[in-house]
Amino acid sequence: MTDFKSELTFDDKVIQKIVGNAVKNVDGLLDANGGFFSNLSDKVSNSTDLTKGIDAQIDDDHVELNIEAITEFGKPIPEIFENMKKSVSREVKKMTGLDLSEFNVKAVDIKTAEQHADDSETLQDKASNATDSVKNATVDAANNAKDAVNNN
């Protein structure tokens, strides 16, 4: 067998997805925040983008991360940060062999879990709920009209 040149590289999006999966179950972290336009697009449809709010840059065998986070009111933010850092470092190393050289989190908002759930309702959800309401009202009106005809 002859030796040949080979190289494994990672797109930033791969690292972002690893990070997104690594932090999604961190207690007290409600969401990563991609800024106004990202939030606006999230309000329109039910797409789940694990890379939102995560900036990853790969330099040789190191990864630099910047994350904007929405944390839960009443939870200690430094503890959330440490749990994020441990989880991300472990998963990035395990899946890619790369080490973190920088891990920066900016807490951009703080909300109760209820506020976050309310804010996360999308236009698609609202349209679906409105459609269901109209459908139910139409069925009720048709049944009432049918009952009125049968009773007369």
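The values are calculated or read from the model by the stated rules, or taken from the named source; none is laboratory data. Predicted model, so just to flag it, every value in this text is computed and none were measured. Note: ideal-geometry Cβ built from the backbone for every residue, glycine included; neighbour counts use all protein chains shown. Heads up: the accessible areas ignore ligands, DNA and RNA and are worked out on the full protein's heavy atoms, side chains in. Shrake-Rupley method; radii C 1.70, N 1.55, O 1.52, S 1.80 Å.
Tell me which residues, restricted to segment 9-24, are out of contact with any Ser or Thr (no Cβ under 8 Å at 6 or more places or on another chain) and of a type in the set (S, T, N, Q).
Listed by number, the residues that qualify are T9, N21.
Looking only at residues that are assigned to a strand (DSSP E or B) and open to solvent by 60 Å² or more (accessible area, probe 1.4 Å) in segment 105-121, which one is nearest to I58 (Cα to Cα)?
So, considering only residues that are assigned to a strand (DSSP E or B) and open to solvent by 60 Å² or more (accessible area, probe 1.4 Å), the one nearest to I58 (Cα to Cα) is K106.
When the residues of segment 29-63 are filtered to those that are modelled with pLDDT of 85 or more and surrounded by fewer than 19 Cβ atoms within 10 Å (Cβ to Cβ), which remaining residue is nearest to the chain's Cα centre (by Cα)?
So the residue we want is D55.
Based on this model, can you work out whether I77 counts as of a type outside the set (G, A, S) and buried (at least 16 other Cβ atoms within 10 Å of the Cβ)?
For I77, the condition - of a type outside the set (G, A, S) and buried (at least 16 other Cβ atoms within 10 Å of the Cβ) - is not met.
So which residues in segment 67-93 are within 17 Å of K13 (Cα to Cα), in contact with a helix residue (DSSP H, G or I) (Cβ under 9 Å, 6 or more places away or on another chain) and part of a helix (DSSP H, G or I)?
Passing the criteria: V88, S89, E91, V92.
What's the number of the only condition in (1) in a loop (DSSP other than H, G, I, E, B); (2) at pLDDT 90 or above; (3) not charged (D, E, K, R) that T2 fails to meet?
Failing condition for T2: (2).
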